[in-house]
1. With every protein chain kept in the model, how would you rank Lys45, Lys33 by accessible area, 1.4 Å probe, largest at the top?
2. Given a 1.4 Å probe and the protein chains all in place, what does the accessible area of Arg40 round to, in Å² to the nearest 10?
3. Under a point spin-label approximation (7 Å from Cα along Cα-to-Cβ), what is the Thr2-Arg15 distance to one decimal in nm?
4. Using label points projected 7 Å from each Cα along Cα→Cβ, tell me how many nm separate Ile49 and Asp36, to one decimal.
Amino acid sequence: MTAVSREFRSKSQPRRGMRRIEAAAFVGVSPTKFDDWVARGLMPKPKTIDGVVLWDLERLDRAWDELPDGAHDGAAGDHPWS
């Protein structure tokens, strides 16, 4: 699949399964941070079918809703957007 066709598909067809980079972008973090969150159980593990690794949009959405508000890792400091 070419970059142009991937971009067109991403803008024109809703999908339930997302690849790693798309899943990370969905929750607003880098792929590396997303991998960390998956490893720590903050985000769900992917489904792998015929060697294709996909994250379920609905499971990502539920995991996001379950994340605590505020500082989760014990980081100190007040943020104006909190």
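1. Details: Lys45 135, Lys33 85 Å².
So, going from the largest accessible area down, we get Lys45, Lys33.
2. Arg40 has an accessible surface of roughly 120 Å² with all protein chains in place.
3. So the label points at Thr2 and Arg15 sit 1.8 nm apart.
4. In this crude label model, Ile49 to Asp36 measures out at 3.2 nm.
The values are calculated or read from the model by the stated rules, or taken from the named source; none is laboratory data. Being a predicted model, the structure only gives us computed values, none of them experimental. Glycine gets a Cβ as well: all are built from the backbone with ideal geometry, and neighbour counts include every protein chain shown. The area values use the complete protein model at the heavy-atom level, side chains included, leaving out ligands, DNA and RNA. Shrake-Rupley method; radii C 1.70, N 1.55, O 1.52, S 1.80 Å.
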